[in-house]
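First up is the structure itself, then whatever we jot down about it.
The values are calculated or read from the model by the stated rules, or taken from the named source; none is laboratory data. In this text, all values refer to a predicted model and were calculated from it rather than measured experimentally. Here the Cβ is made from the backbone with ideal geometry for all residues, glycine too, and neighbour counts use every protein chain on show.
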Amino acid sequence: MTDEQWAALEPLIEEVRPRGKRRPQDLRRTIEAIIWRHANGAKWRAVPAELGPWWRAAQLFIRWGQLGAWERLLEMARARGVELGMAFLDGSSIRAHHKAAGARKKGGHQQAATARKLSAARGEALGPKPA
């Protein structure tokens with residue numbers, strides 16, 4: 001991020017950032033790490049070391065997201081006439097939780113009932129079993 005870009009972005013960030021006990025450490029590098037991660041579609045751990053610890057960027061991104069800071073920042077940018085591009089997220093390449101495939105299927109008992117009915121119908125068609 002250039003100094004000019006940071007000079008334009010910093011006042012917006014200062015206005016929307018949640019107020020805590022203290023200002024986030026090395027905020028510019030952390031914001032650059034967040035931008036880098038999303039621009040490259042990488043995992044948090046892939047953030048280059050020169051942008052600071054990956055976990056700091058991840059924590060700040062998650063906390064600010066929970067507090068609505070990113071939405072406020074985008075609204076302020078739109079209000080000031082900044083053209084924002086559109087993004088499309090494709091979920092087909094995102095791994096599901098390891099328990100996602102193990103959920104009970106709806107209608108399982110109905111399938112069993114249908115199987116019992118078919119079995120009973122076959123039994124009737126074949127007639128009584130010899131003793």
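Going by the conditions given, is TRP36 over 15 Å from the mean Cα position of the chain (by Cα), at negative phi, loosely packed, with under 14 Cβ neighbours inside 10 Å and at pLDDT 90 or above? Even if it seems obvious, please write down each step before you answer.
Details: over 15 Å from the mean Cα position of the chain (by Cα): yes; at negative phi: yes; loosely packed, with under 14 Cβ neighbours inside 10 Å: no; at pLDDT 90 or above: yes.
Here the answer is no, as TRP36 does not meet what is asked.
Where the second residue is of a type outside the set (S, T, N, Q) and assigned to a helix (DSSP H, G or I) and the first is farther than 16 Å from ALA33 by Cβ and lies in region 1-15, which pairs have Cβ atoms under 6 Å and are six or more apart or on separate chains?
Final answer for the pair search is LEU12/LEU73; LEU12/MET76.
Of the residues LEU73, LEU51, only one is at pLDDT 90 or above and closer than 16 Å to MET1 by Cβ; which?
On the way: LEU73 fails: at pLDDT 90 or above.
After ruling out the rest, the residue left standing is LEU51.
Determine which single condition ARG22 fails, assuming it passes every other condition in (1) assigned to a loop (DSSP other than H, G, I, E, B); (2) in contact (Cβ under 8 Å) with a residue 40 or more places away in the chain; (3) over 24 Å from the mean Cα position of the chain (by Cα).
The single condition ARG22 does not satisfy is (2).
Just wondering, is there one or more residues in region 80-96 that are under 19 Å from LEU9 (Cβ atoms), modelled with pLDDT of 80 or more and surrounded by 10 or more Cβ atoms within 10 Å (Cβ to Cβ)?
Taking every residue of region 80-96 in turn, none turns out to be under 19 Å from LEU9 (Cβ atoms), modelled with pLDDT of 80 or more and surrounded by 10 or more Cβ atoms within 10 Å (Cβ to Cβ).
LEU60 passes all but one of (1) under 16 Å from LEU9 (Cβ atoms); (2) touching a Lys or Arg at 6+ places or on another chain (Cβ under 8 Å); which number fails?
Here LEU60 meets the rest and fails (2).
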